[in-house]
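Take a look at the structure set out below.
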Amino acid sequence: MPESLEDLVELLDLEMIDTDVYRGRQPETSMQRVFGGQVLGQALAAATRTVDPERLVHSLHGYFLRPGDTAVPIVYRAEPTRDGKTFSSRRVVASQHGKPIFYMSASYQRPEPGLDHQDEMPAGVVLPDDAPTLAEVLEARSGRKADEWNKEWAALDVRIASATGKQFWIRAAGKLPDESPLHACVLAYASDLTLLGASLLQHGLIIGDPRIQPASIDHAMWFHRQARADEWLLYDQASPSASGARGFATGRLFTVDGVLVANVAQEGLIRPIGLDPDDLRPDLTQT
């Protein structure tokens, strides 16, 4: 994963190699496969490059088909499926070695007035300045040094906002340019970082536990209101269900002032390895 915010911005700045075809570079990483958030962010960047700048992304839906190879670039082909008076839709295929690894559909809308309501921000969370970093908590639980976690997540600042481990403060680790599309791409990138873990917490597990094989299967995101990715956002997560070696999780992103800016939903693989799932009964106090 990117070793700095500058690396992440460069990662999202795709190279155009043909009409509506882009190439995304890979960061230095010790991971065995490409981080799903990277593919999400780069695919959204590819789609956005083909849309009228006045139209803003309001939703994306993606499927992870194959593990990404960290040793070679990813090619993104954006298909301009429709441009209406108000909405534009795009389909993106990400490929490596001649095979698709990811499909995404995204929809864009010209801003217009309408009805407005939202959920309230959860109460009782720890403020960012008082919250421990995610790396510090994972070091205590996994035995892997915080510096190693920080190196992988250096582009983001992530902190634990509650004792349940399902609420996080998250932001880009530095100042971003003002361009709105870049902020949406960074939010898409960040949205995949902790969400699958919500399905594991009730069973006393974390991402990185060698007894679990985790992987994102599909990912959806709805952008309700514009927000800066370099300002604190509360990522409020829940896992309504886990079954069939899959975990389903949802997340809501709020600004510090309580504005709901996005909702996220994901299903991921959480396959037990070398253990009996019946030994991992859910802790109902964590629901």
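Of the residues Gly62, Gly84, only one is free of Cβ contacts under 8 Å to residues at least 24 places away in the same chain and within 28 Å of Leu260 (Cα to Cα); which?
Numbers: Gly62 fails: free of Cβ contacts under 8 Å to residues at least 24 places away in the same chain.
Matching residue, one of Gly62, Gly84: Gly84.
Can you tell me which residues in the stretch 186-234 are among the hydroxyl-bearing types (Ser, Thr, Tyr) and not in a loop (DSSP other than H, G, I, E, B)? Full working, then the answer.
Keep residues of the stretch 186-234 that are among the hydroxyl-bearing types (Ser, Thr, Tyr), which gives 189, 191, 194, 199, 216.
Answer for the stretch 186-234, where residues must be among the hydroxyl-bearing types (Ser, Thr, Tyr) and not in a loop (DSSP other than H, G, I, E, B): Tyr189, Ser191, Ser199, Ser216.
For the stretch 1-23: of the residues being in a strand (DSSP E or B) and in contact with a Phe, Trp or Tyr (Cβ under 6 Å, 6 or more places away or on another chain), which is most open to solvent (accessible area, probe 1.4 Å)? Lay out the reasoning, then the answer.
Our first condition is that a residue be in a strand (DSSP E or B); within the stretch 1-23, this holds for 15-18, 21-23.
Retained after the next criterion (residues that are in contact with a Phe, Trp or Tyr (Cβ under 6 Å, 6 or more places away or on another chain)): 16, 22.
Details: Met16: 110, Tyr22: 8 Å².
Taking the candidates together, the pick is Met16.
Out of all the residues in the stretch 231-249, which are more than 10 Å from Glu267 (Cα to Cα) and free of Cβ contacts under 8 Å to residues at least 60 places away in the same chain?
Pro240, Ser243, Gly244, Ala245
Looking at Arg55, is it of a type outside the set (Val, Ile, Thr), farther than 16 Å from Ser180 by Cα and over 17 Å from the mean Cα position of the chain (by Cα)?
Numbers: of a type outside the set (Val, Ile, Thr): yes; farther than 16 Å from Ser180 by Cα: no; over 17 Å from the mean Cα position of the chain (by Cα): yes.
In short, no.
Here's a check for you: in the stretch 222-255, which residue that is aliphatic (A, V, I, L, M) and within 17 Å of the chain's Cα centre (by Cα) is surrounded by the fewest Cβ atoms within 10 Å (Cβ to Cβ)? Working first, answer last.
Initially, the stretch 222-255 is screened for residues aliphatic (A, V, I, L, M), giving 227, 229, 233-234, 238, 242, 245, 249, 253.
Imposing the further condition that a residue be within 17 Å of the chain's Cα centre (by Cα) reduces the set to 227, 229, 233-234, 238, 249, 253.
Values: Ala227: 20, Ala229: 23, Leu233: 26, Leu234: 23, Ala238: 16, Ala249: 24, Leu253: 25.
The selected residue is Ala238.
Only one residue in Phe35, Phe64, Phe87 is surrounded by 14 or more Cβ atoms within 10 Å (Cβ to Cβ), touching a strand residue (DSSP E or B) at 6+ places or on another chain (Cβ under 8 Å) and of a type in the set (A, V, I, L, M, F, W, C). Which one? Break it down stepwise before answering.
Values: Phe35 fails: touching a strand residue (DSSP E or B) at 6+ places or on another chain (Cβ under 8 Å); Phe87 fails: surrounded by 14 or more Cβ atoms within 10 Å (Cβ to Cβ).
Testing whether each residue is surrounded by 14 or more Cβ atoms within 10 Å (Cβ to Cβ), touching a strand residue (DSSP E or B) at 6+ places or on another chain (Cβ under 8 Å) and of a type in the set (A, V, I, L, M, F, W, C) leaves just Phe64.
Any residue in the stretch 67-78 that is within 20 Å of Leu44 (Cβ to Cβ) sitting within a Cβ distance under 7 Å of a residue that is assigned to a strand (DSSP E or B) and among the polar types (S, T, N, Q)? List the pairs, counting only those 6 or more apart or interchain.
Every condition considered, the pairs that remain are Gly68/Gln96; Ile74/Gln96; Val75/Ser95.
Inspect all residues belonging to the stretch 151-174 and state whether any of them is at pLDDT below 80 and surrounded by 17 or more Cβ atoms within 10 Å (Cβ to Cβ). Give the derivation first.
So the first thing to find is which residues in the stretch 151-174 are at pLDDT below 80, and the list is 151-153.
Subset that is surrounded by 17 or more Cβ atoms within 10 Å (Cβ to Cβ): 152-153.
Taking every residue of the stretch 151-174 in turn, at least one turns out to be at pLDDT below 80 and surrounded by 17 or more Cβ atoms within 10 Å (Cβ to Cβ).
The values are calculated or read from the model by the stated rules, or taken from the named source; none is laboratory data. Being a predicted model, the structure only gives us computed values, none of them experimental. Virtual Cβ from ideal backbone geometry, glycine too; neighbours counted across all protein chains shown. Just so you know, the surface numbers come from the protein's heavy atoms only, side chains and all, with ligands and any DNA or RNA stripped out. Shrake-Rupley method; radii C 1.70, N 1.55, O 1.52, S 1.80 Å.
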